[in-house]
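Q: Here it is, the structure in full.
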Amino acid sequence: MAIREGAWDCPACGRKRNRGPEKHCAGCGTARAADVRFYLPDDAPEVTDPAALERARRGPDWRCNFCGADNRADYTHCTGCGASSDGTPRRPVIEYRDTPQEKPPKKTPKKKRHGCLKVGCLGILLTFLALLFLGGAEEVTLTADRFAWERTAHIEARVTVTEEAWEDEVPSGAQVLERRQEQRALNPVPIGTETKTRKVTERVQVGTEQVKVGVRDLGNGYFEDIYEDRPVYETVEREESYEAPVYSAVPTFDTKIRYEIDRWQPRREIRLGDAGRPGRWLELDLARDERVSKIEALYTVFFTDPEGKSYRWETRDEEAWRGIREGGRYRVKAYTGSGKVTKILGAAD
Ligand SMILES: [Zn+2]
Ligand SMILES: [Zn+2]
């Protein structure tokens, strides 16, 4: 417990840092006032003189009620007038705790998002510019004058195939050709345990340390450091043994079946196409073991504008295609450069 010599300032002459235990100002000789405030200069050295330490530990000074003289704790009578110290209040002992340094609040840097935003804006701008230069679809009025169609029929055939599967996965309708035992899986089966070691870390208290948490004004011109015991922790690593399960890979067997089954399989495609709009589609010439799995169709209308430039509209919608009247005038959205019609807006007449 280090003891240090405090100081006081003289209100009469303004002299700073009179020595704490001195009762009179070294500048003007004025006595230490009743309400003197002691303070501990930052560079105050530790007191080592035994007599001074003794005095510091005696306790706070007292002030004579009769003549106002300051007296040491161990004096029973006033040095100024000889009055007794009985019932005279002592100077207060005051503790000053160090306030923990508050950390300045961390500035959380704002995420820079401008970069991404700029890229996004640039992309939109470029797309917009491209549309401006290449030209979007325009609204024009065209006359429908020719039609064409194209259909592709995907034909499947019923064929007998040979397949293999586990017994519980064989489809219904299968004709079994062969059964045999086969390894189906390797299953981990616990067969015991073995002792293993692993490292674990723990936080353990290894002792205490004395931490200075403030100073105590002893009321006699001296100050004493205040200490507190704080626990000291260390992270230690130790080895720990444990029982780990041991597994063995045990094969399991099951019945594998080889079987025949009829399945639909893609066989061929029939492509048909012509000009005009037929009243009914042609019958597809199919063998007895065949069926149509899917028909893909593409329907075309050829238009011309008043200058004789030709346009084409392609669609998979048969009903919309049949709805276009030969010789009829239609408002459409079209690319005038390529002659591609993107949308029929309605009849113009
Ligand atoms: Zn003074
Ligand atoms: Zn006195």
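Q: How large is the accessible surface per residue of segment 236-336, computed with a 1.4 Å probe and reported in Å² as a whole number?
A: 69 Å²
Q: Kindly state, to the nearest 0.05, the FRET efficiency for LYS333 paired with LYS196, given R0 = 45 Å and r defined as their beta-carbon distance.
A: 0.05
Q: Provide the packing ranking of 332-345, 315-328, i.e. peptides ordered by the mean count of other C-beta atoms within 10 Å per residue, highest first.
A: Top of the packing list down: 332-345, 315-328.
Q: For PHE147, what residues show an amide H to amide H distance below 5 Å, using hydrogens built from the backbone and excluding near sequence neighbours?
A: Those qualifying (amide H under 5 Å, at least 5 residues apart or on another chain) are GLY276, PHE302.
Q: Counting only the heavy atoms of the protein chains, how much of LEU186 is accessible to a 1.4 Å probe, in Å² to the nearest 10?
A: 110 Å²
Q: Take the alpha-carbon centre of segment 325-349, take the same for segment 6-60, and report the distance between them in whole Å.
A: Here the answer is 106 Å between Cα centres.
Q: Tell me the net charge near ASP349. Cut-off is 12 Å between Cβ atoms, ASP349 excluded, with +1 for each Lys or Arg and -1 for each Asp or Glu.
A: After counting each charged neighbour, the total is +3.
Q: Turning to a different aspect of this structure: Give the dimensionless ratio obtained when the Cα radius of gyration of the chain is divided by 2.2 N^0.38 Å.
A: 2.58
Q: Pull up all non-local amide H partners of VAL47: gap of 5 or more, or a different chain, and H-to-H distance under 5 Å with H placed in the peptide plane.
A: Close amide H contacts, sequence-distant or interchain: ILE3, ARG4, GLU5.
Q: For a test of the definition: using alpha carbon positions, the gyration tensor, and the 1.5 limit on a/c, classify segment 1-46 as rounded, prolate or oblate.
A: Judged from the Cα gyration tensor, segment 1-46 comes out prolate (a/c at least 1.5, a/b above b/c).
Q: For segment 142-212, just say rounded, prolate or oblate: build the C-alpha gyration tensor, square-root its eigenvalues into a ≥ b ≥ c, call rounded for a/c under 1.5, and beyond that prolate if a/b exceeds b/c, oblate if not.
A: It comes out oblate by the Cα gyration axes.
Q: Going by accessible area, probe 1.4 Å, with all protein chains left in place, what is the ranking of ILE94, ILE3, ILE270, largest first?
A: ILE94, ILE270, ILE3
Q: Quick one: grab the alpha carbon gyration tensor of segment 243-282, order the square roots of its eigenvalues as a ≥ b ≥ c, and give me rounded if a/c is under 1.5, else prolate or oblate depending on whether a/b is larger than b/c.
A: prolate
Q: Could I get the Rg over Rh figure for segment 183-277? Both from C-alpha atoms, Rh via Kirkwood, rounded to two places.
A: My calculation of the ratio gives 1.67.
Q: Same structure, new question: Output the 0 to 90 degree angle, nearest 10, between the alpha-carbon long axis of helix 114-134 and the longest principal axis computed from the alpha carbons of the chain.
A: Tilt of helix 114-134: around 30 degrees.
Q: When the chain is fully extended, how far beyond the present Cα-Cα distance does TYR247 get from ARG267, taking 0.36 nm per residue of separation?
A: Full extension of this stretch gives 2.1 nm more.
Q: Give the Debye-formula value of log10 I(q)/I(0) at each listed q (0.23 Å⁻¹), with one equal scatterer per alpha carbon of segment 1-93, two decimals each.
A: -1.27
Q: Can you tell me the mean projection area, over all orientations, of the convex hull of segment 254-349's alpha carbons? Units nm², please.
A: About 11.4 nm², averaged over all directions.
Q: Pick out, in residue order, every one of the GluC sites (Glu not before Pro) in segment 252-289 that is DSSP loop and has at most 15 other C-beta atoms within 10 Å; say none if there are none.
A: Those that pass, being in a loop and sparsely packed, are GLU283.
Q: Now for a different question. Of ARG32, ARG198, which has the most accessible area and how do the rest follow, probe 1.4 Å?
A: Output order, biggest surface exposure first: ARG198, ARG32.
Q: Moving to a separate point now. Could you order VAL211, VAL93 by accessible surface area, starting with the largest, using a probe radius of 1.4 Å?
A: Heavy-atom accessible area, descending, gives VAL93, VAL211.
The values are calculated or read from the model by the stated rules, or taken from the named source; none is laboratory data. On a predicted model such as this, the values are computed, not experimentally measured, just so you know. Every residue, glycine among them, receives a Cβ derived from its backbone with ideal geometry; neighbour counts consider all protein chains shown. Heads up: the accessible areas ignore ligands, DNA and RNA and are worked out on the full protein's heavy atoms, side chains in. Shrake-Rupley method; radii C 1.70, N 1.55, O 1.52, S 1.80 Å.
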